[in-house]
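Notes for the one structure printed next.
Coordinate-derived values only; no laboratory data. Source: prediction; values computed, not measured. Glycine gets a Cβ as well: all are built from the backbone with ideal geometry, and neighbour counts include every protein chain shown.
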Amino acid sequence: MFRFTRPLLQQVTKRTTGIVGLAVHQNPLPELSNTYNSTLSVLASIPPTSVYRQGVEALTKHKLNIVQGANGDIGSVEKQLDEGQIEESLDIAKDELKLAENMLEWKAWEPLEEKPLPGQWEYFGNTSSPTSS
């Protein structure tokens, strides 16, 4: 007589993220890798002297290395990225990609079109003379 049993190694399928408006992604790691690679492509169009490019490029490469080195282990990626669930990491990556596209459009690395007014970039309580007391 045959007995039907569940396999010992059964993949658990997540039904919900528990976050309103954030659906479960069925295959998040390839999507996350693609998003990181797209971000790096956009950043390549921004001058290498841009502080924004330098920071985001370093962070995105670090995150991409985590995803590629995880061998498909979503739990490991979630733990190393420390951004919550993998769907949240994907959401963050898509937001960064959109921001990189906007920065490219805005050309944020270029000088201002108009010179700022005197005192425009001074903080409250900042005196003009650092030695006054």
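Please compute the modelled spin-label separation between K94 and E110, points set 7 Å along Cα→Cβ, answer in nm with one decimal.
Placing both labels 7 Å beyond Cα along the Cβ direction yields 3.1 nm.
Near the amide H of T17, under 5 Å away, which other amide H atoms are found, from residues 5 or more places off or on another chain, if H is placed in the peptide plane?
Amide H neighbours of T17, under 5 Å, 5+ apart: V24.
Hey, with R₀ at 41 Å, roughly what FRET efficiency would Q54 and A23 work out to, going by the Cβ-Cβ distance, to 0.05?
Numbers: r = 34 Å, r/R0 = 0.82.
Working from the Cβ atoms, E equals 0.75.
Once phi is turned into ³J(HN,Hα) by the Karplus curve 6.51 cos²θ - 1.76 cosθ + 1.60 with θ = phi - 60°, what whole-Hz value does each residue of the stretch 16-24 show in order, with x for glycine and proline?
Each residue's phi maps through the Karplus curve to give 8, 8, x, 10, 4, x, 10, 7, 6 Hz.
Cα-Cα over 21 Å: which of K61/K98; K14/K98; K63/K107?
Values: K61/K98 17 Å; K14/K98 27 Å; K63/K107 25 Å.
Violating the 21 Å Cα-Cα cut-off are K14/K98; K63/K107.
May I have the pair-distance distribution P(r) for the stretch 47-98, computed from all Cα-Cα distances with 10 Å bins from 0 and rounded to whole percent?
Calculated over all Cα pairs of the stretch 47-98, the distribution is 24, 51, 21, 4 percent.
Please list 3J(HN,Hα) in residue order for the stretch 39-54, calculated via the Karplus relation 6.51 cos²θ - 1.76 cosθ + 1.60 where θ = phi - 60°; whole Hz, with x for glycine and proline.
Per-residue couplings from phi come out as 4, 5, 5, 5, 4, 5, 8, 8, x, x, 7, 5, 4, 4, 4, 4 Hz.
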